[in-house]
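Reviewing the structure listed below.
The values are calculated or read from the model by the stated rules, or taken from the named source; none is laboratory data. Remember, it's a predicted structure, so these values are computed and weren't measured experimentally. As a convention, Cβ positions derive from the backbone with ideal geometry for all residues, glycine included, and neighbour counts pool all protein chains shown. Note: accessible area is taken over every heavy atom of the protein model, side chains too, but ligands, DNA and RNA are not part of it. Shrake-Rupley method; radii C 1.70, N 1.55, O 1.52, S 1.80 Å.
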Amino acid sequence: MSREPRRNVLAIVLAGGEGKRLMPLTADRAKPAVPFAGIYRLIDFALSNVVNSGYLKVVVLTQYKSHSLDRHVTQTWRMSTMLGNYVAPVPAQQRVGKRWYLGSADAIFQSLNLIRDETPDIIVVVGADHVYRMDFSQMVEHHVETGAACTVAAIRQPIGLADQFGVIDVNPDDPSQIREFLEKPKDAVGLPDDPNEVLASMGNYVLDANALVEAVTRDADLDNSAHDMGGDIVPAFVRRSQAAVYDFKDNDVPGSTDRDRGYWRDVGTMGSYYAAHMDVVSPLPIFNLYNFKWPIFTSYGPQPPVKVVQGEGGQAASIGDAVLSPGVVISGGSVDRSVLSPDVRVLTGASVTDSVLLNGVIVGEGAVVQNAIVDKGVVIPPGAELGVDLEADAARGFQVEDGLTILGKLQPFPE
């Protein structure tokens, strides 16, 4: 019996994003290093999808404020070196000149030595700042079947939202072929099988290795290029009729349910970051963290179990809908519709509702926190209020956005 030769696949994770719209969470860390759902970093979702898909040779291209990201990847993502597997964070190296990455395509161009060393047949290129599950091996099979040089993953969105995305216009006679790549079109045309929907790019690509090397090398010499994978490289393949689309609805992840199948969230703004947390904390979660057939891997250190006890004076603790991470202690406080990261403390009489608290936050006795995102190490003083009066929060110098009050890492709370 003949057997198809095993394809050598290299995964490249683009993790150099600055994440300006997630300030102040990105004031001291890269966007892919931003914590999510208590114990994870955003990059854990991309890396988990890659390794669960069976691709165990992974490079992570970093650039901005990469220390905590590099540390997390190095400490968490260890593979079997005996089998030649690795997850390697690679900073901007300035191999082709004294400059930083100019865009995602330029990041790959400046890292071509990684491709030459591995000599892959196919390269999977993924972003590092989305929350979703995806089996990339199914996309790779689709890519091979179509014979395209480049395949773009796309998710269906209502046509009314087309002006918010990069939209893929498909060939009506061959819906797998991209006819045109449209950036936030005002007059988008619906899909052949559903005129009320369009295909929006997910920022994930599968490419023949030789084609990618040639494309980013050619692009590097273009003065009018932004050197971006979605804005420049994909349209170049489209113009040569070498680009295919992979519909995310066809991706069947083991363990997924009708409710969470096809979930994908771009957490690029405070509003979407908060909304994704509320998706997780919902009693019937739209995104199910408890799918053990497709686990999201991470490491959160040697934390003890969650502890919920009465406070001083015997006041009972109260827990509603919540995601509580290891190391959390709630002593006589109340928590509802919130996500608490490791080592958070909620003390006697304190109340936390509709909020996201990152590592090490302390909510003092009798304090009230609602509709807030609080970064690492912040101490809410006893009796203080946060998120209750947005005008008062803004007057105290706190960031107020999308109905939320946001405190940065170790930000002091004024008297």
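According to the square roots a ≥ b ≥ c of the eigenvalues of the Cα gyration tensor, what is the shape class of segment 1-137, taking rounded for a/c under 1.5, prolate for a/b larger than b/c otherwise, and oblate for the remainder? Here segment 1-137 falls in the oblate category. The distance separating the Cα centre of segment 62-135 from that of segment 193-214 comes to 20 Å. Applying a threshold of 19 Å to the alpha-carbon distances of Lys31/Lys98; Lys20/Lys249; Lys31/Lys409 flags Lys31/Lys98; Lys20/Lys249 as lying beyond it. Listed by chain and number, the aspartates and glutamates whose alpha-carbon sits under 17 Å from that of Lys376, ignoring those within fewer than 8 places in the same chain, are Asp28, Asp343.
To the nearest 10 degrees, how steep is helix 136-146 against the longest Cα principal axis of the chain, on a 0 to 90 scale? Compared with the principal axis, the helix lies near 20 degrees.
Let me check something: with ligands and nucleic acids excluded, how do Met82, Met278 order by accessible area (1.4 Å probe), largest to smallest? Display every interim value, and only then the final one.
Numbers: Met82 175, Met278 40 Å².
Result, largest first: Met82, Met278.
Largest GNM mean-square fluctuation across Ile296, Ile159, Ile122, computed for the chain with C-alpha springs under 10 Å, falls on Ile159.
Per-residue accessible area (protein heavy atoms, 1.4 Å probe) orders Thr298, Thr62 as Thr298, Thr62, starting from the largest. A DSSP coil position with no more than 16 other Cβ atoms inside 10 Å describes the following trypsin sites (Lys or Arg not before Pro) in segment 223-288: Arg240, Arg259, Arg261.
Please find, in a Gaussian network model of the chain (springs between Cα atoms separated by less than 10 Å), the residue of Asp28, Asp343, Asp194 whose mean-square fluctuation is greatest. Checking each option, the largest mean-square fluctuation is seen for Asp194. Report, to the nearest whole %, how much of the accessible area of the chain belongs to carbon and sulfur atoms, 1.4 Å probe, protein only. Here it works out to 50 percent. The DSSP beta bridges internal to segment 338-415 are antiparallel in roughly 15% of cases. Taking the chain as a Gaussian network of alpha-carbon nodes connected by springs under 10 Å, the highest mean-square fluctuation of the residues Gln399, Gln242, Gln315 belongs to Gln315. Given a 1.4 Å probe and the protein chains as shown, Tyr273 ends up with an accessible area of around 0 Å². Taken per residue, the accessible surface of the chain reaches 44 Å², heavy atoms only and a 1.4 Å probe.
Rounded, prolate or oblate: which one fits segment 242-284, using the alpha carbon gyration tensor with axes a ≥ b ≥ c (rounded when a/c is under 1.5, else prolate when a/b beats b/c, else oblate)?
On the way: a/c = 4.43, a/b = 1.37, b/c = 3.23.
Oblate is the answer for segment 242-284, as a/c is 1.5 or above yet b/c matches or exceeds a/b.
Placing a pseudo-label 7 Å from each Cα along the Cα-to-Cβ vector at Ala316 and Phe297 gives an inter-label distance of 4.3 nm. Placing Met202, Met79, Met23 in order of accessible area, with the largest value first and a 1.4 Å probe, yields Met23, Met79, Met202.
Can you tell me the equivalent ellipsoid semi-axes for the chain? Use √(5λ) from the Cα gyration tensor, largest first, whole Å. Don't skip to the answer; put the middle values down first.
Details: eigenvalues 323, 102, 90 Å².
Over the Cα atoms of the chain, the ellipsoid semi-axes are 40, 23, 21 Å.
Measuring only protein heavy atoms, the 1.4 Å probe finds Trp100 accessible over about 150 Å².
Extending 7 Å from Cα along the Cβ direction at Lys186 and again at Thr81 yields two label points whose distance is 5.8 nm. Could you work out the relative contact order of the chain? I mean the mean sequence separation of Cα pairs under 8 Å and 6+ apart, divided by the number of residues, in percent. Here the relative contact order equals 13 percent.
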